[in-house]
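Take a look at the structure set out below.
The values are calculated or read from the model by the stated rules, or taken from the named source; none is laboratory data. What you see is a predicted model; the values in this text were computed from it and never measured. Note that each Cβ is placed from the backbone with ideal geometry, even for glycine, and that neighbours are counted across all protein chains shown. Accessible surface areas use protein heavy atoms only, side chains included; no ligands, DNA or RNA. Shrake-Rupley method; radii C 1.70, N 1.55, O 1.52, S 1.80 Å.
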Amino acid sequence: MRVNQSTMLLGQKVILVPYTTEHVPRYHEWMKSEELQRLTASEPLTLEQEYEMQSSWREDTDKCTFIVLDAEKWQAQPDSTEENCMVGDVNLFLTDLQDPTLGEIEVMIAAECVFLFLCRALEGMTKLGLNKFEAKIGQGNEPSICMFKKLHFEQVTVNNIFQEVTLRLLVSEPERQWLLEQTSHMEEKQYRGRSW
C-alpha cells in the first residue's frame, strides 16, 4: 500500500520498514521453510513470483506490509543492510468487501511488532474507516494464538475445514487507549533507507 511507502516505525526491540525489493531475497529464503509455510498457510513461490508479490503489495490499495528489523542489530551495526537485520513481517489486508471497517492482520514475528503495527493502524483507522482487526491462525499454532489473545484479540470462529481459528479485536475507545499506552515509546520517521 502506497500509504506506508515512506513510513518507518521505531520500537525498542523492532523497527518496521516498508517491504522493498531489497528485502525479497531474504524473505524468499524464509518462505522455503515447510514449517513456516505450514504455520502461515503459505504456498512456496519462485524468486520471480516473490518480486511480483512485493510489487503487488506495494501497489495494491487493500494491503499494507512492513518488514520487521531487529532494532538492536540494526543500531549496533550501522553498515549492515536491512536484509541482514530482518526478523519477520506484518501485514494488513482489507479482505471483506461487505465490511469496509474490518482489516485482517497477519504477522510473522513477536508481540512488539503487532503493537507497533496496530498503533500505526489506529492512525489509519480514521483514513480507512477501520474499527476492528482479525487474525486467522492455524489451529496448531498455539504460540501465535496465545500472543494475539494477550493483545486482547478474542476467538470468534473455528474453521475445521481450513484448520484455522479467527481472532478479532474490536477497537473501542478503551482498547485504543490501551494500545496507545503500550506503544508510547514508538517513534515514526520518514523512511529513506539508513539516512535517518
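Relative contact order of segment 132-177, taken over Cα pairs closer than 8 Å and 6 or more residues apart, is 47 percent.
For Thr7, the residues whose amide H sits under 5 Å from its own are Tyr191, ignoring neighbours fewer than 5 places away on the same chain, with H placed 1.01 Å from N. For Lys136, the lysines whose Cα comes closer than 19 Å to its Cα, not counting residues fewer than 8 places off in the same chain, are Lys63, Lys149, Lys150. Summary value for segment 1-90: 38 percent relative contact order, contacts being C-alpha pairs under 8 angstrom separated by 6+ residues.
For Lys149, the solvent-accessible surface with a 1.4 Å probe is about 100 Å², rounded to the nearest 10.
If you count only protein heavy atoms and use a 1.4 Å probe, how large is the accessible surface of Asp62, to the nearest 10 Å²? Accessible area of Asp62: about 60 Å². Potential lengthening of the chain between Thr81 and Phe162 amounts to 25.4 nm, from the contour at 0.36 nm per residue minus the alpha-carbon distance. Output the relative contact order of segment 1-157, whole-number percent, from Cα pairs under 8 angstrom with separation of 6+ residues. Reported as a whole number, the value is 22 percent. Taking 16 Å as the straight-line reach from the Cα of Lys13, the aspartates and glutamates in range (excluding those fewer than 8 positions away in the same chain) are Asp70, Glu72, Glu82, Asp89, Glu112, Glu187, Glu188. The sum of -39500 (n - 2.57) across all DSSP H runs of n ≥ 4, divided by the residue count of the chain, sets its helix-only mean residue ellipticity at 222 nm to -11000 deg cm²/dmol.
Note on Cys64: accessible area approximately 10 square angstrom, rounded to 10, probe 1.4 Å, nucleic acids and ligands left out. Asn91 sits among other residues whose Cβ lies under 13 Å from its own Cβ, and their net charge, with Lys and Arg +1 and Asp and Glu -1, is -2. Rounded to the nearest 5, the antiparallel percentage of DSSP beta bridges internal to the chain is 90%. Across the protein chains, with a 1.4 Å probe defining accessible surface, the residues Leu69, Leu97 rank Leu97, Leu69 from largest area downward. Would you indicate which of (i) 8, 28, 27, 18, 11, 6, 1, 0; (ii) 9, 31, 32, 18, 8, 2, 0; (iii) 9, 36, 39, 15, 1 is the value of P(r) over Cα pairs in 10 Å bins from 0, in percent derived from the coordinates of this structure? It is the one labelled (iii).
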